[in-house]
Amino acid sequence: MTSIVYVLNGPNLNLLGQREPDVYGHETLADVEAACRETGRDLGLDIRFHQSNAEHQLVDWIQQARGEAAAIVINPAAFTHTSVAILDALNAFDGAVIEVHISNVHKREAFRHHSYVSGRADAVIAGCGTQGYLLALQRAAKLVTA
Ligand code: DQA
């Protein structure tokens, strides 16, 4: 049976490729989605890829993943550092959770060093660029078949 994996992206990631390319690179979110789908196919994962600028929408997708998805790969973007609501939603999800950051948040401003999501995540990947999403899917595949 194919495992469903949600890949969720938070605010401003729709601007990937245009937004601070020195920090986030030149790839667009569509490029990331295509790469995730290709890697997902290779790993036997059914990818559900979403992006929203709205916290409630991310919470709704996490709730939707309950009972449906085996894992969630999430780049909560700025909500990483602010959102108890996203942490609570992830705490209500039973599968694997992998947190991804394109940049190395620990090398940046102090306010980016704390993540609410890391308190729930099974793994955290930061500073690997958009390749981090593909590494997260590899880890998710390992965890869901373990
Ligand atoms: C980010 C890092 C966050 O601090 C920032 O707010 C983002 C993107 C990253 O992928 O490196 O929007 O999550």
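So the values come out like this:
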quantity	calculated
Calculated FRET value between THR2 and ALA30, using beta carbons and R₀ = 22 Å, to 0.05	0.45
Cα-projected label distance for ASP88 with ASP122, points at 7 Å along beta-carbon direction, nm	2.5 nm
Loop-resident sites, the stretch 56-146, for trypsin sites (Lys or Arg not before Pro), counting at most 14 other Cβ within 10 Å (DSSP)	ARG66, ARG108
Isotropic mean projected area of the C-alpha convex hull, the stretch 3-145 (nm²)	7.3 nm²
Label point distance in nm, ARG19-ASP46, each placed 7 Å from Cα along Cα→Cβ	3.0 nm
Whole-Hz ³J(HN,Hα) from phi, Karplus 6.51 cos²θ - 1.76 cosθ + 1.60, for the stretch 108-122, glycine and proline x	10, 4, 4, 5, 8, 7, 9, 10, 5, 5, 4, x, 10, 5, 7
Reciprocal mean inverse distance between Cα atoms of the stretch 1-40 - Kirkwood radius, Å	11.2 Å
Stretch in the chain that is longest and holds no GluC sites (Glu not before Pro) that DSSP places in a loop and that have at most 14 other beta carbons within 10 Å	1-67
Extension gain, LYS107 back to ASN53 (0.36 nm per residue minus Cα-Cα distance, nm)	17.0 nm
Rg and Dmax of the stretch 74-134, Cα atoms only, in Å	11.0, 32
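Where a number appears in this text, it was derived from the coordinates with a stated rule and is not lab data. Quantities reported herein were computed from a predicted structural model and do not represent experimental measurements. Counting neighbours? That spans all protein chains shown, and the Cβs are built from the backbone with ideal geometry, glycine included.
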